[in-house]
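Taking it in order: structure first as structure tokens, then the write-up.
The values are calculated or read from the model by the stated rules, or taken from the named source; none is laboratory data. If you're wondering where the values come from, they're calculated on a predicted model, not measured in any experiment. Cβ placement follows ideal geometry from the backbone for every residue including glycine, while neighbour counts extend to all protein chains displayed.
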Amino acid sequence: MTVSERLQPSPDRLGADLDELATVREPTRAGWTRTVFSEPYRSSREWVASRMRAAGLRVETDGAGNIVGVLPGRVPSAPALVTGSHTDTVEAGGRFDGVVGVLGSIEVVRMLRENDIELDRDLLVVDFLGEESNEFGLSCLGSRALAGELTTDHLDRRDRDGVRLGERYAEFGLEPSGVLEAAARFAGRGALHRYLELHVEQGPVLEQRGTAIGVVTAIAGIHRLVADFVGRADHAGTAPMAARRDALVAAAEAVLAVRQQGCGAPVHGVATTTRLDAPPGSPNVVPARIRMYAEMRSVDVGWLSDAQRRLGEEISLRAAEHGVDADLTWSVDNECLPADADVQQVITAAADSLGVGWEALPSGATHDAVHIARLCPMGMIFVPSRDGRSHCPEEWTDLEDISTGIRVHAEALLELDRAR
Ligand code: GLV
Ligand code: MN
Ligand code: MN
């Protein structure tokens, strides 16, 4: 029997892990809610660490709150191979986004140990802290910190209760200075060898084409917008329509402009208004203040920057037509990042050697891989999502599909371990 034939995941064991982690969530919310810094997230991470230990990993939590499980290799001085993902969820999210990469990688460790396979390099299985975007407009907290991309300015950002990100870290038991210092561990390229992440596709392509494996070519860039519309409060019964400065109308125009830009994208480009905040209003007052949150994403860098400029102009123009001031603040969550060509090649070769079909595709979702790419070349493996749904309770991937992904993941990790 070849090594590849022996390396089989146990769907029962994996299914039990997925079910157990899914029980740790906000009990009063729909779907699966385990957002960063929440109590369910705190307890779920203790569970993850215990599963890592039970799989034979040496577990540490770094200063940035990442749980790192180490499987020591034969050559301690060799740059380590890294895998992992995240176990936080969006509000009312699903059970698979991120979780498949963490639990799937723990399963790979169990498969290696059961078969007495030792790697040359240390294998680090990481559950990165807080991958999902949060009220601070910042995704991938843990991987961003590890890559040295988290700044004191980020720590000063405030959530809707006015609490600074740094304070949220401290409440969660993580010293902000330690969070910033976590980057020192792998500073610069060279300390880490390769990063490989297994993840659910979260979109419809693989299922529609009947393909088992997605080989990620690039991860979309994300530009975020916070727009403040300031008009004037007036009596809703007496102010003439033409004389009004209605902030909500200007925001509504902006929502449609966001959608219009997204619909005009040639490759993979999307634009979404995710939230409108209004102070408590009276039913008989023209709204004077609205805050809008939106994001644009694309793997086409030129389109993304042009679309951002067009959208900004359009929103300001339409607001002015309504006599409303629009103050737009843009930030970049992450720039578009191509996956490493050689790592993509290793994944396709692994799938081919196992007789598993694959397809190359870009990722519209962002991932910890974007940030770890600062430290070493990265690649990602996708498995199909039912009906392309994600970030909702309906998110689903069959255990059989996850198992196929784990086999390809294990095969590719073995090859990356050997690669110079
Ligand atoms: C995370 O899933 C994101 O793409 O925002
Ligand atoms: Mn994810
Ligand atoms: Mn997500």
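Tabulated values for the structure
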| quantity | calculated |
| --- | --- |
| Enumerated strands (runs of 3 or more DSSP E) restricted to region 192-304, each holding at least 1 residues that are within 16 Å of ligand 3 (Cβ to nearest atom) and out of contact with any Asp or Glu (no Cβ under 7 Å at 6 or more places or on another chain) | 192-200, 213-219, 269-277, 289-298 |
| Among (1) part of a loop (DSSP other than H, G, I, E, B); (2) under 22 Å from the mean Cα position of the chain (by Cα); (3) more than 30 Å from GLY166 (Cα to Cα); (4) not aromatic (Phe, Trp, Tyr) - the single one GLU26 does not satisfy | (3) |
| Cross-chain or 6+ apart pairs with Cβ under 6 Å, region 116-140 first and assigned to a loop (DSSP other than H, G, I, E, B), then more than 13 Å from ligand 2 (Cβ to nearest atom) and of a type in the set (Val, Ile, Thr) | ASP120/VAL75; ASP122/VAL70 |
| Checking LEU375 against (1) away from ligand 1 (no atom under 14 Å from the Cβ); (2) part of a loop (DSSP other than H, G, I, E, B); (3) within 23 Å of TRP303 (Cα to Cα), the condition it does not meet | (3) |
| Residue in region 359-369 that is among the β-branched types (Val, Ile, Thr) and within 15 Å of ligand 1 (Cβ to nearest atom) present | yes |
| Test: GLY357 is more than 28 Å from ARG13 (Cα to Cα), surrounded by fewer than 20 Cβ atoms within 10 Å (Cβ to Cβ), in the same structural domain as ASP12 (by TED's automatic domain parsing) and at pLDDT 95 or above | no |
| Which numbered condition ALA247 fails, given (1) farther than 20 Å from ASP325 by Cβ; (2) in contact with a strand residue (DSSP E or B) (Cβ under 7 Å, 6 or more places away or on another chain) | (1) |
| Subset tally (residues that are away from ligand 3 (no atom under 11 Å from the Cβ) and surrounded by 24 or more Cβ atoms within 10 Å (Cβ to Cβ)) for region 88-100 | 1 |
| Any hit, region 244-255, residues being out of contact with any Gly (no Cβ under 8 Å at 6 or more places or on another chain), modelled with pLDDT under 95 and among the small types (Gly, Ala, Ser) | no |
| Members of region 290-302 that are more than 22 Å from the chain's Cα centre (by Cα) and surrounded by fewer than 23 Cβ atoms within 10 Å (Cβ to Cβ) | ARG291, GLY302 |
| Single unsatisfied condition, GLY214 versus (1) surrounded by fewer than 24 Cβ atoms within 10 Å (Cβ to Cβ); (2) within 16 Å of ligand 1 (Cβ to nearest atom) | (1) |
| SER43 vs. criteria modelled with pLDDT of 95 or more and of a type in the set (Gly, Ala, Ser) | yes |
| Count - residues of region 99-128 that are touching an Asp or Glu at 6+ places or on another chain (Cβ under 6 Å) and not β-branched (Val, Ile, Thr) | 6 |
| Qualifying strands (runs of 3 or more DSSP E) (wholly inside region 39-108; at least 2 residues being within 24 Å of CYS392 (Cβ to Cβ) and in contact (Cβ under 8 Å) with a residue 40 or more places away in the chain) | 80-86 |
| Residue selected from region 107-122 under the condition crowded, with 24+ Cβ neighbours inside 10 Å and of a type outside the set (Asp, Glu), by the criterion farthest from ligand 2 (Cβ to nearest atom) | ARG121 |
| Residue that is surrounded by the fewest Cβ atoms within 10 Å (Cβ to Cβ), among those in region 220-241 that are of a type in the set (A, V, I, L, M, F, W, C) and more than 36 Å from the chain's Cα centre (by Cα) | MET241 |
| Per-region count, region 198-241, residues over 26 Å from GLY262 (Cβ atoms) and not assigned by TED's automatic domain parsing to the domain that holds ALA412 | 10 |
| Of the criteria (1) touching an Asp or Glu at 6+ places or on another chain (Cβ under 6 Å); (2) at pLDDT 95 or above; (3) away from ligand 3 (no atom under 14 Å from the Cβ); (4) closer than 22 Å to GLU39 by Cα, which one GLU135 fails | (2) |
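So that you can scan it fast, the table gives a plain yes or no per residue for (1) touching a Cys at 6+ places or on another chain (Cβ under 9 Å); (2) outside the structural domain of LEU138 (by TED's automatic domain parsing):
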| position | (1), (2) |
| --- | --- |
| ARG318 | no, yes |
| VAL324 | no, yes |
| ASP327 | no, yes |
| ALA351 | no, no |
| VAL370 | yes, no |
| MET380 | no, no |
